[in-house]
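The structure appears right after this line, and notes come after that.
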Amino acid sequence: AAGEEGLGHGPASSRSIGSYDAAAAAAAASFVVPGEEDEDEVLVEVFEHERVQPFRGWGHTWPGHFLPSDKVGHWGDRSGAPGGAMSMLFDRVAPKLPPGWAWRDAEWSVDMTGVEAEGCDADGWAYAMDFQWLAWPPEPAMGRAGIKSFVRRRRWVRSRLRLPPGSYDTSDEQQQQQAAAFRQQQAELGAAAGRGGAGSGSVDAALMAGLGGLGLGSEGGAAAAAATAAAAAASAMMTRFMRVVSD
């Protein structure tokens, strides 16, 4: 299943379902396939992003693969949100079940839409020079990686069903846990939307926090961050050079 390589949980939220802000609601709705928001059966989606780097190959690490200018992380919605540190963990991005809903599909699966026209390859990936050129559904031939293919994306999907009124007890422990997980994610998505989503600033802050957690201190953390920024700049320069050569 998707996201097994890194699951994470943020701080608990005390917000009620009726009080989460508009930014959180919009962020959560962005994972529902457009046009299905009011249906009793809904298809939800999460997009996986990767970038190729010289001598590293394809991957989704920061630092390592993504550039400071990338507006996406490993996981996100169609626009790449939420971005930043939150987008690196599947469990924090994949939509939680709202109260009164149940999963129809047991697991997330890769959407192979477009494979017949080579819109994606055998693993569901579509390729482009930059993330902003990756549209959904993928255009024909986007499933072929070429010399100008520096990024790729694929879609994971899962269906959920609205439970009939009266068929579940809101005081049930499982329903309460489901509602709590849903509220927590709404708060996190709303906070990410309030920060403006992805960008090097949020990634740098997460990086510095991680360095502090390793006990490097402010001076060591600043030096490590500077070295990371220099490496990212060199990687970006190499990518631009490859584009010029390919043209």
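The values are calculated or read from the model by the stated rules, or taken from the named source; none is laboratory data. A quick note: this is a predicted structure, and the numbers were derived from the prediction, not measured. Note that we place each Cβ from the backbone using ideal geometry, even for glycine, and neighbour counts take in every protein chain shown. Protein only, heavy atoms only, side chains kept; ligands, DNA and RNA dropped before computing areas. Shrake-Rupley method; radii C 1.70, N 1.55, O 1.52, S 1.80 Å.
A few remarks follow.
- Within region 70-82, residues that are on the phi > 0 side of the Ramachandran plot have Cβ atoms under 6 Å from residues that are open to solvent by 10 Å² or more (accessible area, probe 1.4 Å) and part of a loop (DSSP other than H, G, I, E, B) in these pairs: Gly80/Lys71; Gly80/Val72, counting only partners at least 6 apart in sequence or on another chain.
- Residue that is farthest from Lys148 (Cα to Cα), among those in region 24-81 that are at pLDDT 85 or above and touching a Leu at 6+ places or on another chain (Cβ under 6 Å): Glu41
- Asp130 being at pLDDT 95 or above and within 25 Å of Ala193 (Cα to Cα): yes
- Residue count for region 186-205, restricted to those that are at pLDDT 70 or above and charged (D, E, K, R): 1
- Search result, residues across region 111-120 that are under 20 Å from the mean Cα position of the chain (by Cα) and open to solvent by 30 Å² or more (accessible area, probe 1.4 Å): Met112, Thr113
- Any hit, region 178-185, residues being at pLDDT 90 or above and either open to solvent by less than 40 Å² (accessible area, probe 1.4 Å) or touching a helix residue (DSSP H, G or I) at 6+ places or on another chain (Cβ under 8 Å) (or both): no
- Residue check, Arg51 closer than 16 Å to Arg154 by Cα and among the basic types (Lys, Arg): yes
- Of all the residues in region 72-109, those that are assigned to a loop (DSSP other than H, G, I, E, B), under 13 Å from the mean Cα position of the chain (by Cα) and surrounded by fewer than 18 Cβ atoms within 10 Å (Cβ to Cβ) number 2.
- Per-region count, region 47-71, residues within 25 Å of Val32 (Cα to Cα) and in a loop (DSSP other than H, G, I, E, B): 3
- Verdict on Gly100 being within 28 Å of Gln176 (Cβ to Cβ) and not aliphatic (A, V, I, L, M): yes
- Selection within region 121-164 - assigned to a loop (DSSP other than H, G, I, E, B), open to solvent by 80 Å² or more (accessible area, probe 1.4 Å) and more than 30 Å from Lys96 (Cβ to Cβ): Ala122, Glu139, Pro140, Arg144, Ile147, Lys148
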